[in-house]
1. Scan LEU191, LEU160 and give me the residue that is of a type in the set (A, V, I, L, M), outside any strand (DSSP E or B), surrounded by 13 or more Cβ atoms within 10 Å (Cβ to Cβ) and modelled with pLDDT of 85 or more.
2. Considering only residues that are surrounded by fewer than 16 Cβ atoms within 10 Å (Cβ to Cβ) and of a type in the set (Val, Ile, Thr), look in the range 140-157 and name the one that is modelled with the highest pLDDT.
3. GLN63 versus (1) exposed (fewer than 12 other Cβ atoms within 10 Å of the Cβ); (2) not in a loop (DSSP other than H, G, I, E, B): which is the lone unmet condition?
4. Can you run down the residue pairs with Cβ atoms below 7 Å, 6 or more apart or on separate chains, where the first is in the range 24-40 and charged (D, E, K, R) and modelled with pLDDT under 80 and the partner is part of a strand (DSSP E or B) and surrounded by fewer than 15 Cβ atoms within 10 Å (Cβ to Cβ)?
5. Give the residues of the range 114-139 that are surrounded by 14 or more Cβ atoms within 10 Å (Cβ to Cβ) and modelled with pLDDT of 90 or more, sorted by residue number.
6. Take PRO99 and decide whether it is within 28 Å of the chain's Cα centre (by Cα), surrounded by 15 or more Cβ atoms within 10 Å (Cβ to Cβ) and at pLDDT below 95.
Amino acid sequence: MKLFTRILAVAAILAMPLAPVLAANITIVVGDNFYHGPGNTSNDADIRTINVGDVVTFTYAGQSSHPTMSDNGAWATFQMNASSRSVTLPAFNTVGVYPYHCTAHGAPGAGQYGVLTVRAVTTATLDPVAAGVTLSVYPNPSRGQVTVKLDQKPGTDYKLRLSNIIGQEIRTVALKPDLTAAGLPLDLSDLHAGMYVYSLLVDGKVVSTKRLVLQN
């Protein structure tokens, strides 16, 4: 790849928003008279709380048919039987309550029914100015040998967390005042080239998040 093309690619990546919190895939097992985990044959409601962006898959594990209807029209009624053993709904992107029931063995709020509560995803963050700390990792882009510089207040637990662009944690480094005041050398040459995200954690809470490009 030509140098100009590489520069454009890096610029485009830097312009992208940070990767969102990874969505979960929630499985609801549909059996005879229940929407639960395997082995539960009661008709108690399956009440679950999920996050915005999560995907829900209904999996059939019964003997009879269980047409599953949304009480508030969030999805079209679908069959759960031997011929339709798995149904995945589109991601839930709106906060709210989504009750549902089996039209053959339940009713809204009775018999075989369930409730999905979708909540907003929140991340505990602090204002870096208010926290009185600044973190820099340089050079950026880098070929793997970087220096971590942290201006900080004493008596606090600081950590550098390095993640890939899909949110998987790669490395966590404790930042001690006596080592980072003048700059702490950090070897990242074992990592693949690409875009990474580094976050400063103060007492376990995210203060700031920035991007790092490795060109190993």
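The values are calculated or read from the model by the stated rules, or taken from the named source; none is laboratory data. Worth saying up front: this structure is predicted, and the values here are computed from it rather than measured. So basically every Cβ, Gly included, is an ideal-geometry build from the backbone, and we count neighbours across all protein chains shown.
1. Only one candidate qualifies: LEU191.
2. THR147
3. Only one criterion is unmet by GLN63, namely (2).
4. Listed pairs, sorted by first residue: none to list.
5. The one that is surrounded by 14 or more Cβ atoms within 10 Å (Cβ to Cβ) and modelled with pLDDT of 90 or more: VAL137.
6. For PRO99, the condition - within 28 Å of the chain's Cα centre (by Cα), surrounded by 15 or more Cβ atoms within 10 Å (Cβ to Cβ) and at pLDDT below 95 - is met.
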